[in-house]
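Reviewing the structure listed below.
The values are calculated or read from the model by the stated rules, or taken from the named source; none is laboratory data. Note that the coordinates shown come from a computational prediction; the quantities given were computed from them, not determined experimentally. With ideal geometry, Cβ positions are generated from the backbone for all residues, glycine too; neighbour counts draw on all protein chains shown. Just so you know, the surface numbers come from the protein's heavy atoms only, side chains and all, with ligands and any DNA or RNA stripped out. Shrake-Rupley method; radii C 1.70, N 1.55, O 1.52, S 1.80 Å.
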Amino acid sequence: MNKRIIAIGGGELKTHQTIAIDEYIAAEAKKKAGDRRACGLFVPTASHDCMPYYNTFHKIYTGLFNIKTDVALINNREIDFERMRLKFEKADFIYVGGGDTVYMIEKWRESGLLTLIGEAYERGVLICGLSAGAICWFEDMYSDSVVEGEYAMHSGLGWIKGKISPHYNERMLDFDQIVLYNKYCAWGLENGSALEIINGIPVKSISAGGRVMFLDATSGELKKTEFSVNL
């Protein structure tokens, strides 16, 4: 079973800034569902379970794409783990929202939600996410989660090799300097862009107006390549 992640660099759901990417995700979910009505599970942990964020997700995916939605809430509440497991088992795709990435990973580990997400990933459920939900899967991620406005590299879950920054068009200068200074290879996802990864290998970009950039500074000189298919 293929393990798939769609990492979205940024953009506002409610103003349709990622709509071309959302349309692609919806089509893939419907393929998986077949004759059933497809179901998407929204995980808003990074936004501290912000319900208006879920409502926007529901409005887009149900209102525009006729996909049933549900939400996984874990912040400041007792979790019925078996009931939560059923939500994950019914999902044709999981969508992880943006916000505080470091907090999100800590809460997932503390609550056991990471186990359910990992099981879904292993059985081939499409995992999608925007900003925090895009970068958490990588070995290292560029984020201001610890101190707002102070960006630094933080350890991610390590499911995908490499380093990554979301909102690359907004953070380009600082991220480029870090990549060049440390002679890294890294990914920069602009707002309105997404990187699809299958079995740990980046395979394609999806654009809603943004670009996926591959950065290589291993030679001591920073080289940038717009990614569209396998490098």
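The figures follow:
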| read-out | value |
| --- | --- |
| Single condition ASP216 does not satisfy, out of (1) surrounded by 12 or more Cβ atoms within 10 Å (Cβ to Cβ); (2) closer than 23 Å to GLU28 by Cα | (2) |
| Helices (runs of 4 or more DSSP H) (entirely within segment 94-140) containing at least 3 residues that are surrounded by 22 or more Cβ atoms within 10 Å (Cβ to Cβ) | 101-111, 132-135 |
| Out of VAL96, VAL146, sole residue that is modelled with pLDDT under 95 and in contact with a helix residue (DSSP H, G or I) (Cβ under 7 Å, 6 or more places away or on another chain) | VAL146 |
| In segment 20-55, residue nearest to the chain's Cα centre (by Cα) [restricted to those that are closer than 15 Å to SER131 by Cα and open to solvent by 10 Å² or more (accessible area, probe 1.4 Å)] | SER47 |
| Residues of segment 13-29 satisfying the condition of being free of Cβ contacts under 8 Å to residues at least 40 places away in the same chain and either within 16 Å of ARG211 (Cα to Cα) or part of a helix (DSSP H, G or I) (or both) | ALA27 |
| Check on ILE60, in a strand (DSSP E or B), aliphatic (A, V, I, L, M) and modelled with pLDDT of 95 or more | no |
| Verdict on CYS39 being farther than 18 Å from ALA91 by Cα and touching a residue at least 40 places away in the same chain (Cβ under 8 Å) | no |
